[in-house]
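Pasting a structure here, questions to come.
The values are calculated or read from the model by the stated rules, or taken from the named source; none is laboratory data. These numbers were taken from a predicted model, which means no experiment stands behind them. All Cβ positions, glycine included, derive from the backbone under ideal geometry; neighbour counts span all protein chains shown.
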Amino acid sequence: EAEGQARRALVAGGGIGGLAAALALARSGWSVALFEKAERFGEVGAGLQMSPNACKVLRWLGLYDRIAEGAAQPGAATMRDGHTGAPIYRVLLGEAAEARWGAPYLHVHRADLHAALLDAAREAGVELHTGAPVASYGTRPEGARLKLEDGSIHTGAVLIAADGLRSPLRRVLNGPESAHFSGQIAWRGTIPAEWVPEGLVAPEATVWAGPGRHLVTYYLRGRSLVNFVAVEERAERVEEDWSGAGEADRLRAGFAGWHDDVQTLLAAVERPFVWGLFERAEQVRWCDGPVALLGDAAHAMLPFMAQGAAMALEDAAELVRALSEHPRVPDALLAYEAARWDRVTRVQAQSRSNGMLFHKRTEIGRLFSWAPIAALTWLAPGLAAAQLDWLYGHDVTEGLP
Ligand code: FAD
């Protein structure tokens with residue numbers, strides 16, 4: 001049995017992180033079984049920003065062309081004053097992103113990315129189980145034992161827990177600690193582009209910022225859909241995923257008095273999804289012998305750098321590198337954790353501080369509004385791009401076959 005187990009990998013969770021890990025493992029010679037709780041695979045109908053560092057992983061996985069074909073490519077990332085519309089901050093993307101960071105910046109429909117990963121995982125021979133919630137695991141010298149809620153046991157030399165924000169396997173690994181509500185909620189969804197006046201939405205990643213709330217807009221699927229994410233600070237806790245009637249009106253009420261373009265766009269929203277935003281303030285361990293966490297299960301973050309899925313994709317590449325470099329699985333997983341730790345912690349921290357900046361909650365924002373940032377962006381446009389080099393310029397797949 002041990003012989004057959006040696007290259008057997010188990011993956012819990014079939015979101016973007018779990019599928020990417022399963023695909024990467026299968027491509028590097030592992031026999032992989034993936035267990036997803038939901039009866040059907042899928043992703044919510046909303047957008048995802050795939051920055052150059054994420055696109056490099058998509059290239060490595062062989063999915064880039066398919067994804068790029070159905071994506072939208074923004075010309076810039078812009079922050080504007082939500083009331084006056086005045087530009088505050090601008091970084092050129094489009095061709096400038098490819099030239100500076102070595103890959104494009106794309107806006108992708110979540111369902112398209114998820115479907116591409118799923119098809120590729122299936123083609124690579126990953127065993128895909130749906131309606132298969134995992135419950136817990138145990139470890140033994142030769143690997144991990146994964147227990148499903150139905151009581152069945154599966155064994156493998158490595159177990160990757162990519163079971164998301166509420167990861168039950170993380171609880172086994174780290175105790176009952178869970179992600180905490182950040183005091184912010186997000187509405188999100190898409191609007192057919194023909195429902196809004198032409199030219200209203202710039203072909204860019206735009207953040208309309210203001211005290212206590214902000215709105216992000218960009219296009220998906222060429223320019224046929226407008227994606228929006230509206231974030232609001234709110235004291236009472238909201239669970240991470242529900243879609244309530246009447247939410248469109250609540251959303252609009254929050255942005256009353258904002259710039260006309262914002263109001264016109266929000267008038268076209270029908271039934272948005274509502275999410276509470278959760279994060280983990282402190283990092284805890286990601287590994288336990290042959291078991292490792294990946295994606296949101298390891299490092300849930302606020303979405304204000306648009307990097308959660310990007311980090312999950314990077315995790316998958318680093319995992320495969322570590323497993324190819326270390327003959328013992330537990331050593332490999334510790335190396336994976338060590339390689340990812342500082343980068344992910346930095347992204348989490350910067351995501352948090354971006355939220356403060358968008359909502360003018362920094363000292364500088366309170367005193368001077370955004371004028372210093374606007375002045376700096378105006379005087380030294382390259383400086384804003386340079387601030388992102390460590391993140392977008394990184395290629396986690398470098399040297400990988
Ligand atoms: P998930 O997508 O949560 O997948 C976990 C999977 O595990 C699910 O399929 C779930 O059903 C399954 N599961 C759960 N429990 C069990 C169980 N017991 N057994 C088996 N399976 C189980 N990231 C970006 O890179 N760019 C962006 O622009 C961006 N925008 C965002 C905007 C918002 C408003 C939010 C909230 C997030 C955003 N993110 C973005 C972050 C990104 O969505 C997540 O980081 C990413 O989807 C995490 O993927 P994952 O596979 O780790 O987890």
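Criterion first (within 19 Å of the chain's Cα centre (by Cα) and surrounded by 17 or more Cβ atoms within 10 Å (Cβ to Cβ)) does Ala72 satisfy it?
So Ala72 passes the test.
Of all residues in region 128-156, count the ones that are within 14 Å of the ligand (Cβ to nearest atom) and not in a loop (DSSP other than H, G, I, E, B).
10
Additional query: Please list, ordered by first then second residue, the pairs with beta carbon atoms under 7 Å, 6 or more apart or interchain, first in region 91-117 and in contact (Cβ under 8 Å) with a residue 12 or more places away in the chain, second basic (Lys, Arg).
Gly102/Lys56; Ala103/Lys56; Ala103/Arg59; His109/Arg221; Ala116/Arg66
Another question, if that's okay. Kindly provide the set of residues from region 47-64 that are more than 13 Å from the ligand (Cβ to nearest atom) and either assigned to a loop (DSSP other than H, G, I, E, B) or within 26 Å of Ala186 (Cβ to Cβ) (or both), ordered by number.
Leu61, Gly62, Leu63
Hey, another quick one. Could you tell me which numbered condition Pro272 fails, if it satisfies all but one of (1) more than 16 Å from the ligand (Cβ to nearest atom); (2) more than 20 Å from Gly13 (Cα to Cα)?
It is condition (1) that Pro272 fails.
A further question follows. Can you spot a residue in region 329-351 that is out of contact with any Ser or Thr (no Cβ under 6 Å at 6 or more places or on another chain), closer than 18 Å to Tyr89 by Cα and part of a loop (DSSP other than H, G, I, E, B)?
no
In region 21-46, what count of residues is obtained for those that are more than 8 Å from the ligand (Cβ to nearest atom), among the aliphatic types (A, V, I, L, M) and under 18 Å from the mean Cα position of the chain (by Cα)?
Total meeting the criteria: 5.
Collect the residues in region 157-186 that are of a type in the set (Gly, Ala, Ser), under 17 Å from the mean Cα position of the chain (by Cα) and not in a strand (DSSP E or B), keeping them in residue-number order.
Ala162, Gly164, Ser167, Ala179
So, one more: Is one or more of the residues making up region 234-247 more than 18 Å from Met79 (Cβ to Cβ), touching a helix residue (DSSP H, G or I) at 6+ places or on another chain (Cβ under 6 Å), away from the ligand (no atom under 13 Å from the Cβ) and without any contact (Cβ under 8 Å) to a residue 40 or more places away in the chain?
Checked region 234-247: no residue is more than 18 Å from Met79 (Cβ to Cβ), touching a helix residue (DSSP H, G or I) at 6+ places or on another chain (Cβ under 6 Å), away from the ligand (no atom under 13 Å from the Cβ) and without any contact (Cβ under 8 Å) to a residue 40 or more places away in the chain.
Now, a different point. Could you tell me which residue of region 1-20 is nearest to the ligand (Cβ to nearest atom), considering only residues that are in a helix (DSSP H, G or I) and more than 22 Å from Gly222 (Cα to Cα)?
Gly17
Another question about this same structure. Which residues, taken from region 187-217, are part of a strand (DSSP E or B) and surrounded by fewer than 16 Cβ atoms within 10 Å (Cβ to Cβ)?
If the condition is that a residue be part of a strand (DSSP E or B) and surrounded by fewer than 16 Cβ atoms within 10 Å (Cβ to Cβ), then Pro192 is the only one that fits.
Related question: May I ask you to verify whether Val226 is within 11 Å of the ligand (Cβ to nearest atom) and either assigned to a strand (DSSP E or B) or buried (at least 23 other Cβ atoms within 10 Å of the Cβ) (or both)?
no
Let me ask something else about it. Which one of the conditions (1) modelled with pLDDT of 95 or more; (2) away from the ligand (no atom under 16 Å from the Cβ); (3) closer than 24 Å to Leu357 by Cα; (4) among the aliphatic types (A, V, I, L, M) does Ala96 fail to meet, given that it meets all the rest?
So the condition that Ala96 fails would be (3).
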